[in-house]
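Take a look at the structure below.
The values are calculated or read from the model by the stated rules, or taken from the named source; none is laboratory data. Worth saying up front: this structure is predicted, and the values here are computed from it rather than measured. Neighbour counts are summed over all protein chains in view; Cβ atoms, including those assigned to glycine, are modelled from backbone coordinates with ideal geometry. SASA here: full protein model, heavy atoms, side chains in, ligands and nucleic acids out. Shrake-Rupley method; radii C 1.70, N 1.55, O 1.52, S 1.80 Å.
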Amino acid sequence: TTKNEKNMKIIKVTLDLDDYLCFDVYGVSESQFEEYIDLCKERGYTKDADKDEDSYDAERDDGYSVSIDYDQTDCIMDVSVSK
C-alpha cells in the first residue's frame with residue numbers, strides 16, 4: 001500500500017437535492033474531524049453553534065446550516081448541509 005492510498009478518503013453522497021446535501025466520509029481520524037469543523041467555522045458556520053466530542057451543528061448568516069456527526073469506532077464522518 002502506498003502512502004497516498006492510506007490517506008485516501010472515500011466519500012459517499014447519500015442525498016443531493018437543491019437545498020440539501022448529505023454525504024459520508026470514511027477513514028476519518030479524530031483530528032481530521034476537528035480540522036473539518038475548523039474549516040466550516042472559517043466558512044462562516046458559527047451561528048447558533050453546538051459542539052460536543054462527536055458532533056458539530058451551526059448556521060451561516062445566509063441561511064445555510066451544517067450538521068457533522070463523527071463515529072469514532074468506524075471512523076466515519078456524516079455531513080449534512082441544508083438551507
- [ ] Collect the residues in region 46-82 that are surrounded by 13 or more Cβ atoms within 10 Å (Cβ to Cβ), of a type outside the set (Asp, Glu), under 19 Å from Asp18 (Cα atoms) and more than 10 Å from the chain's Cα centre (by Cα), keeping them in residue-number order.
- [x] Arg60, Tyr64, Ser65, Ser82
Open item on the list: Go through (1) among the charged types (D, E, K, R); (2) touching a strand residue (DSSP E or B) at 6+ places or on another chain (Cβ under 7 Å); (3) touching a residue at least 24 places away in the same chain (Cβ under 8 Å) for Glu30 and report which single condition fails.
Closed with: (2)
Open item on the list: So in region 1-42, with the set limited to residues that are of a type in the set (Lys, Arg) and open to solvent by 90 Å² or more (accessible area, probe 1.4 Å), which one is modelled with the highest pLDDT?
Closed with: Lys12
- [ ] Can you confirm whether region 51-62 contains a residue that is of a type in the set (A, V, I, L, M, F, W, C) and within 21 Å of Leu15 (Cβ to Cβ)?
- [x] yes
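Can we say Ser31 is among the small types (Gly, Ala, Ser) and either assigned to a strand (DSSP E or B) or within 11 Å of the chain's Cα centre (by Cα) (or both)? Give the steps one after another, and end with the answer.
On the way: among the small types (Gly, Ala, Ser): yes; either assigned to a strand (DSSP E or B) or within 11 Å of the chain's Cα centre (by Cα) (or both): no.
In short, no.
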